[in-house]
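The values are calculated or read from the model by the stated rules, or taken from the named source; none is laboratory data. Owing to the predicted nature of the structure, the values given are computational and were not obtained by experimental measurement. Quick reminder, even Gly has a Cβ in these numbers, built from the backbone with ideal geometry, and neighbours come from all protein chains shown.
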């Protein structure tokens, strides 16, 4: 198991670091797969993270490790590195990783490092830096194989062996471009080896090429790669000129990140994974979301305060506050989760706002009636006071219906005004539902019990 | 945009179906990419779903469409198909999809269809049916390229052109096996075309091959493919014999599914996406989770009932119930979300239970103290009653600390006894926190105010 393996490696490295067995550490680092190293760092102290990184001698492994680490760990290590070391690391990264890496450096360091890198590599990175975060441009690799359509299969295979294409990272497809570098076709490596060697590219290439534009959102790019089951999608600029490819490994990262981000954002615990972060940092990230809920709770308390007279007459009104708030809150979370996730996976669209709202209200009403009856019966058995059961039951039903409505409506509205529904929904929905539930309960109860 | 494109296609097809323009529908279906068709079905009526499916004439497109549809839609279409049609569809599916497909059929139909399929294909499917759901065995493809190590690059390329390997779905890698079919090496297609044609496989193949076993959980398989950035991972059986590969497109599906499943399960809205399902079905799925929260709310009401005497003396005790419950509930959701997601992504391990608990208690305590002070000050300003502010503030702090503790502890405990933490956490954590918050509040308040 991967988890087991991480653990054994981490423990071995920690033990050797305590003992200071540098030679054995270097040997282990040499033998281990580059992809296994990053999992060790989070368990080490800040100074040991730096020490361990210094023991990695292979430049490729260094580059790989640092681009896979969490940002706070990378930043800590970067601080301890010289400009020469930074430039060497960047020269050994695929350009898309270099771009992410350079964005972590302070401006003056970034400029200095770009100056020290190989010319082609630094030009590539500077080219990619133009694109906005989370677009196809920012995650694409500018190395790909693009040839002309009159080349034969044999010519193509010879080109593949040429120096120019040797460091193309993942050469799954041969792209075919016209004289203006516009994308006109694609062939897989597979097709290339099965056709007779004199066949020209244009006679076996696929002519309907799925491509994306540099400014397309990375989630959209990921969905396209997933839908058409392709290993890489070509990226074209505004002049339809091919400028890069986004590969399937980056798509996997996008899906994993976005899913985790959505889950964490909905609970108000930030965008990044905070478990590896310090207590102080986690606390700071979680504080604001809780503030919204605190304000909501205090508003609810003001509302209850206004009904203090009724409460003093019928003290057991207070008894049902938790069940009414809880039922509303929980169905609200259900509705908003469905909508937020639906919007994220593309199964729901903001144009579906009315049908989705109608559906949620219907579900809220059915479930509200069911649980309203249940809670009403319990209330009747316990207190046997005229109209109390009815008031409590009605409040549960109202609260649940309204909660389902606001739980589905709010994320849709946020999405429509371009606010990330996952971030905004959590605090707004729970706060709104707390206030609505309490208000309706006391309004209904005081009216029905004539308090 | 993909979403826009789905919408236009869906609307065009709906319009043509209303008009009954069969010829134009058939033309559109012929021209459209197979991957674009499935998105149309959810918007159609049950009978139109069947009609549209009948208009797909290409067997490959049929097979692709039906395996990408949601299960309830597939089932509806399957009911309308003859055994011959079912067998033809299955003959055109990759074996991993056939397995998922055959599991949807009733036993007698499944046996009849397997009997009618091509012999090799039906044997493959029956072989795969042995493996348990959600294991590497159940999602692997049994078609792959496995050759002997003394073959030269030229021999290998010739083999690729042979009939035997023509329907290998995604031939990224050439696997090298010994005389007992045990995996000994791997070469990419890329390496194959860049070496001189007389080089034997064993001199350019990679010898450290990452592989998985048939019984490994699909999430674990997905994590391995993602970590090592590979396009396919070979699957070996208990005798180390290579029996299949899991490809990167299935890995993407695993990640997407699991992330959505986790989010939906935590909110108690089932495992599958319910937005496309009927109101009745959605209601049924959401009912049980709400039941737990209803029971929790009623228990909380019984607890408050026991303090009725105190409440009648100091009615405004009720005023702070919402804020205390809300703060506890929200921080509990934060803690449990972090732990559930951490366990799912492999960043947290159940062995980390103590350190993670300690951290959550610390965060709960800091945030609890902060918001306890805040709410306490508000209480003091509003009611100016001795000890009330202290009691309310202390209750907020206790409730939040306990909530952070139970929010992090419960998913860990569930994971340890092999209950999916995402399913169990939601109802248990919120219910437990409601009860704990209310109990502590009234205990502290009655003691401090001497009621």
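Structure data summary
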quantity: Residue list for segment B:17-41, filter: under 26 Å from residue A:223 (Cβ atoms) and either out of contact with any helix residue (DSSP H, G or I) (no Cβ under 9 Å at 6 or more places or on another chain) or within 14 Å of another protein chain (Cβ to nearest Cβ) (or both); calculated: B:30, B:31, B:32, B:33, B:34, B:35, B:36, B:37, B:38, B:39, B:40, B:41
quantity: Test result for residue A:133, more than 10 Å from chain B (Cβ to nearest Cβ) and either out of contact with any helix residue (DSSP H, G or I) (no Cβ under 9 Å at 6 or more places or on another chain) or surrounded by fewer than 17 Cβ atoms within 10 Å (Cβ to Cβ) (or both); calculated: yes
quantity: Odd one out for residue B:322 among (1) within 9 Å of chain A (Cβ to nearest Cβ); (2) in contact (Cβ under 8 Å) with a residue 40 or more places away in the chain; (3) more than 30 Å from residue A:349 (Cβ to Cβ); (4) surrounded by 24 or more Cβ atoms within 10 Å (Cβ to Cβ); calculated: (2)
quantity: Given (1) over 24 Å from residue B:429 (Cα atoms); (2) more than 7 Å from chain A (Cβ to nearest Cβ); (3) surrounded by fewer than 23 Cβ atoms within 10 Å (Cβ to Cβ), index of the condition residue B:249 fails; calculated: (2)
quantity: So residue B:346, is it closer than 29 Å to residue A:288 by Cβ, within 8 Å of another protein chain (Cβ to nearest Cβ), under 27 Å from the mean Cα position of the chain (by Cα) and surrounded by fewer than 22 Cβ atoms within 10 Å (Cβ to Cβ); calculated: yes
quantity: The lone exception for residue A:351 - which of (1) at pLDDT below 85; (2) closer than 23 Å to residue B:265 by Cβ; (3) in a helix (DSSP H, G or I) it fails; calculated: (2)
quantity: Residue, nearest to the other protein chains (Cβ to nearest Cβ), within segment B:205-224, restricted to residues that are free of Cβ contacts under 8 Å to residues at least 40 places away in the same chain and under 15 Å from residue B:144 (Cβ atoms); calculated: B:210
quantity: Filter result for the condition that a residue is more than 7 Å from chain A (Cβ to nearest Cβ) and without any contact (Cβ under 8 Å) to a residue 12 or more places away in the chain, over B:257, B:261; calculated: B:257
quantity: Residues satisfying the stated conditions in segment A:172-204, i.e. part of a helix (DSSP H, G or I), away from chain B (no Cβ under 14 Å) and out of contact with any strand residue (DSSP E or B) (no Cβ under 8 Å at 6 or more places or on another chain); calculated: A:203
quantity: Hits in segment B:307-326 (condition: under 34 Å from the mean Cα position of the chain (by Cα) and not in a helix (DSSP H, G or I)); calculated: none
quantity: Failed condition for residue A:8, given (1) closer than 26 Å to residue B:213 by Cα; (2) surrounded by fewer than 16 Cβ atoms within 10 Å (Cβ to Cβ); (3) touching a residue at least 12 places away in the same chain (Cβ under 8 Å); (4) more than 11 Å from chain B (Cβ to nearest Cβ); calculated: (3)
quantity: Residue that is nearest to residue A:98 (Cα to Cα) [pool: residues in segment A:144-164 that are out of contact with any helix residue (DSSP H, G or I) (no Cβ under 7 Å at 6 or more places or on another chain) and touching a residue at least 40 places away in the same chain (Cβ under 8 Å)]; calculated: A:144
quantity: Cross-chain or 6+ apart pairs with Cβ under 7 Å, segment B:383-408 first and on the phi > 0 side of the Ramachandran plot, then part of a loop (DSSP other than H, G, I, E, B); calculated: B:387/B:449
quantity: Any hit, segment B:79-95, residues being within 14 Å of chain A (Cβ to nearest Cβ) and farther than 24 Å from residue B:144 by Cα; calculated: no
quantity: Residue count, segment B:414-429 (criterion: farther than 12 Å from residue B:266 by Cα and touching a residue at least 60 places away in the same chain (Cβ under 8 Å)); calculated: 2
quantity: Unmet requirement for residue B:357, which otherwise passes all of (1) within 20 Å of residue B:432 (Cα to Cα); (2) surrounded by 24 or more Cβ atoms within 10 Å (Cβ to Cβ); calculated: (2)
quantity: Residue within segment B:140-162 that is under 30 Å from residue B:347 (Cα atoms) and away from chain A (no Cβ under 13 Å) present; calculated: yes
quantity: Within segment A:14-88, helices (runs of 4 or more DSSP H) holding 1 or more residues that are in contact (Cβ under 8 Å) with a residue 60 or more places away in the chain; calculated: A:71-79
quantity: In segment A:264-278, residue nearest to residue B:355 (Cα to Cα) [restricted to those that are part of a loop (DSSP other than H, G, I, E, B), within 7 Å of another protein chain (Cβ to nearest Cβ) and modelled with pLDDT of 70 or more]; calculated: A:269
quantity: Scope segment A:69-83; condition surrounded by fewer than 18 Cβ atoms within 10 Å (Cβ to Cβ), in contact with a helix residue (DSSP H, G or I) (Cβ under 7 Å, 6 or more places away or on another chain) and closer than 22 Å to residue A:126 by Cα; matching residues; calculated: A:83
quantity: Verdict on residue A:199 being farther than 24 Å from residue A:415 by Cβ, assigned by TED's automatic domain parsing to the domain that holds residue A:339 and in contact with a helix residue (DSSP H, G or I) (Cβ under 9 Å, 6 or more places away or on another chain); calculated: no
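This table checks each residue for (1) facing another protein chain (nearest Cβ under 10 Å); (2) outside any helix (DSSP H, G or I); (3) surrounded by 24 or more Cβ atoms within 10 Å (Cβ to Cβ).
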residue: B:366; (1), (2), (3): yes, no, no
residue: B:415; (1), (2), (3): no, no, no
residue: B:419; (1), (2), (3): no, yes, no
residue: B:431; (1), (2), (3): yes, no, no
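Here's the yes/no breakdown for (1) at pLDDT 90 or above; (2) over 29 Å from the mean Cα position of the chain (by Cα); (3) assigned by TED's automatic domain parsing to the domain that holds residue B:45:
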position	(1), (2), (3)
B:246	yes, no, no
B:286	no, no, no
B:305	no, yes, no
B:328	yes, no, no
B:334	no, no, no
